[in-house]
Amino acid sequence: MPVSRKPVRPKSDAKEAQLEGFREDPTGQFLTTDQGVRVASTDDSLRAGDRGPTLLEDFHLREKIMRFDHERIPERVVHARGAGAHGHFQVYESLARYTSAGFLQDPTKQTPVFVRFSTVVGSRGSADTVRDVRGFAVKFYTEQGNFDLVGNNMPVFFIQDGIKFPDLVHALKPNPRKEIPQAQSAHDSFWDFVSLTPETAHMVMWVMSDRSIPRSYRMMEGFGVHTFRLIDAEGVARLVKFHWKPLLGAHSLVWEEAQQIAGKDPDYHRRDLWEAIESGNPAEWELGMQIIAEADALKYGFDLLDSTKLLPEEIVPVERVGKMTLNRNPVNFFAEVEQVAFCIGNVVPGIDFTNDPLLQARLFSYLDTQLTRLGGPNFAELPINRPIAPVHNHQHDGFGRHTINAGTANYSPNSIGDGFPKPATPAQGGYAHYAERVAGHVVRGRSPSFQDHFTQARMFLDSQSPVERAHLTDALSFELGKCEREEVRKRVVDVILMAIDPRLAADVAKAIGVPVGKSPGTGMKAQKPSPALSIAMVKDPKIVTRKIAILAAPGHHGQSLALVKATLEKGGASVEVVSTALGDVPAADGGVTRAVRSLLNTPSVVYDAIMVADGDASVAVLAADDDACRFVKEGFRHCKSLAALGAGARLLQAAGLPSEGAGIVTGTAAGELAKRFVEAIGQHRHWARERKRS
Ligand code: HDD
C-alpha cells in the first residue's frame, strides 16, 4: 500500500521550536506501537484458541490498555474548565518611554501568544455559561522569554491576601460531603464566607452583575487585576494596570438564557470561539495600560496594592497600546489547552511585580501547582509551554525530561565548560529585579490603607444602568435564595448589602424573605460613578459573528429569505435556517432552502436574533408548532431582535407577541427589513422589553 504524507502542522515559523515533537496527521500511515513496531490487528487480543484465555505476551494489548488507564491528569484546582487559541500580539508604537520589554518596542514585530479562557469554580466537564468569573490568561512567547499575563474578566478580586485563597476556593467549591452544587456560588458556604469577609463586597458586586455571564469569550474585557511595574531602559519604574478591550465590545447573556444554554449546549463558549476562528473571524482585543507614577500609589483614595480596588478609567485613562489577534485553533486540546501552564511569575526584563500580597502568594502557587498537575518539574518542556527564546541552564533530570543535555559541566561556576552558560548583565538582557527600597517590621496583618471595603462596591453599583442594577438585584436574590440557612442570608443582607446600599439590601431582603437590619455604618467615602463599568450601552454596533436563526417551513418565500440572509452574511453574521426537519425545505416560489437545524435539535437561546420567513403555507405550519412559538417567545423574553417578513408576522401573533416595539422589525420589503434588522441586532439586546417583576 503506498504511504502518503499529509502534514497538518500549523504554519508559524516563530513557533517551530515550540512545535518540536508535533506528530503529523497519520493519514496514509501504518498503525504502530509506542516503540514504532507496526501492528497487525488492534481489534482482537491474542488468545490461546478462539474461546481460550488471553495471553500476557500480547504487548500491544498491554501497552494499549496501560496508556488508556493513565490518560487523565489532575484537573486544575480552579479554572478547570476552559478553551484556548493561538495568535499574536503587536504593539502600535514603541513603548520605550515606559518599558524595556523587547516585545513592546517594535510595531512591525508579531509576538506569538496562546490564550486560555476559563470558568473558575466548575470541574472540567461543567457548563460554560454558569455565573462565574472568567479566567483570561495570555502567554506571550517573546524573544526574551515567556511573559504570562494571568488575569480575569473582572478588574478586582474577592480577597486582598493570597493566604485566604484556599478558604475562598473551599467555600466556593461543592460541599465536601455531598459534592453539591457543581459550578456555582449559589450555596451556603460561599455566602457564609462572604458575610464574614467584608473585603469580598466589591467583587461580589461584579460577580452578581452581567459580567459573570458573558455572551462570548470574544466579547469580554480582560484585566491583569494587580498593579504591576514597568521598568524603562534607565531603570525608572512606573506602576501599571493591564486591560484587554475586546474589539467586538463587551456583551452578556441574560441569566435565564445562560441557565438554559448550560443544559442545551454546555460547550457554548468553547464552540463559539472555535467556530469564529474556524470561519476566519479572529478574536481581537486591544491591550490597554493605565500608567501611574510610583509616588501616586496612594493618591486615589485607596491603595494600588489592594486587588479589591480598581482605578477608574475616568481618573487615569486606559492607553491602548497594541492588538492581540487569536486566529488559530489548537490542533490537540489536551496537548495545548490542558497542558498549558501559566505562571504569574513568568515575566521578562522591563516588567516586574509589586508588593500586592495577593500577587505575592500567586507567585508561589502557580509554579507549585504544576508539579502535581503536570507530573513533575519538566512541564516547561511541553511544547505549549516551551519558550521560543533559547534555554540554557543547569536544571536537569526529573520525571518526563525531554531535553538531552549536551556538555560536561552541569554546575556554575565551572571551568571545564569554559564557564558556560554564563549569567547575562542587564545590558546583555539579564533580568534585573527592580531595586525597591523596603523597610519595615515583620507583621501579620493588613495595612490600614486596605480597610475600606465598601466605597468601590457602591461605586460599581452606582455605575450600572437601571437594567443592569435590576439584573444584579435579581442575581443576588437568586443566589441568596438558594442558601438553606436563614442566618447566612440575613448576615449577607445586614453586613454586606446594607453597608453597600440600603436600597439594594431592602430589595434583596424582600425577595429572599428576611427582615432588613440596621446599617452597620461603614464610613464609606463619596465616589463618582464610573460610566466605563457599565456594559449596557453599545458603543460600536456590529453584527459580525452574531448567530441568527431564520425560521422557515415548506411553502416559505425563498427569494426574500435568501436576500435577508445574504445581507446578514455580508455584515459578517452567521445565519442558520431552522425548520421542522433538517434538509431541503421546498419554497413556494420554486427551489429549496437548506435547513441546517431543526426545531427539535436547536433552541432559540443559542442565537442572537431570530427572523421568521415570509410565505402563508410556511407560517401556517410554524404557527401550529409549539416549538416554533416557543422559539420566538423566548427570543422576545430574552430581549433579542426579532424580524418577521410579510406573513411571518403571524407567527409572532400566534406566540402572543406584539408585531412592533423595541427590536421588533416587520415589513414586506425584504431589502428594507434586512437593513432595519441589521441595525437592531447591532444593539445586542432591547432591554426596554424586559419583563417587569412585581
Ligand atoms: Fe489563580 C489558575 C487568575 C488569584 C492560584 N488563576 C488561574 C487561572 C487564571 C487565574 C486565569 C487559569 C490559568 C489557566 O488557564 O491555566 N487567579 C487569577 C486571578 C487572580 C487569582 C486574576 C487574582 C487576581 N490564584 C489566585 C490566588 C492563588 C491562585 C490568590 C493562590 C494563592 N490560580 C491558582 C492556581 C491555578 C490558578 C491554583 C490553578 C491551575 C493553575 O493555577 O495553573 O495555582
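The apolar share of the surface of segment 392-481, taken as the fraction of accessible area on carbon and sulfur atoms (1.4 Å probe, ligands and nucleic acids excluded), comes to 57 percent. For segment 134-246, the fraction of 1.4 Å probe accessible surface lying on carbon and sulfur atoms is 54 percent. Here segment 505-636 exposes an accessible surface that is 57 percent carbon and sulfur, computed with a 1.4 Å probe and the other protein chains kept in place. Enclosing the Cα atoms of segment 583-662 in their convex hull gives a volume equal to 87 cubic angstrom per residue.
Given H placed 1.01 Å from N in the peptide plane, which residues other than close sequence neighbours of Val612 have an amide H under 5 Å from its amide H? Under 5 Å from the amide H of Val612: Leu551, Ala643, Ala644, Leu645. As an exercise, take the mean of 1/r over every pair of distinct alpha carbons in the chain, invert it, and state the Kirkwood radius in angstroms. In the chain this quantity evaluates to 28.2 Å. Relative protection proxy for 152-159, 277-284, 357-364, 186-193, from highest mean packing down: 152-159, 186-193, 357-364, 277-284 (other beta-carbon atoms within 10 angstrom). With protein chains left intact and a 1.4 Å probe, residues in the chain average 46 Å² of accessible area per residue. Quick one: of Lys139/Lys164; Lys525/Lys640; Lys245/Lys518; Lys245/Lys570, which pairs are farther than 29 Å apart, Cα to Cα? Distance filter (> 29 Å) returns Lys525/Lys640; Lys245/Lys518. Dividing the helix sum by the residues of the chain, where each DSSP H run of 4 or more adds -39500 (n - 2.57), gives a mean residue ellipticity at 222 nm of -7000 deg cm²/dmol. Cα centroids of segment 412-466 and segment 311-358: 16 Å apart. Working from label points 7 Å from Cα in the Cα-to-Cβ sense, the Ala588 to Ala96 distance is 6.9 nm. The alpha carbon centroids of segment 595-660 and segment 516-575 are separated by 18 Å. Convex hull of alpha carbon positions in segment 32-187: directionally averaged projected area 17.0 nm². Label-to-label distance for Thr403 and Ile65 is 3.9 nm, based on points extended 7 Å past Cα in the beta-carbon direction.
The values are calculated or read from the model by the stated rules, or taken from the named source; none is laboratory data. As the structure is a computational prediction, the values presented were derived from the model and not from experiment. Glycine also receives a Cβ, built like all others from the backbone with ideal geometry; neighbour counts cover every protein chain displayed. Calculation scope for accessible area: heavy atoms of the full protein, side chains included, ligands and nucleic acids excluded. Shrake-Rupley method; radii C 1.70, N 1.55, O 1.52, S 1.80 Å.
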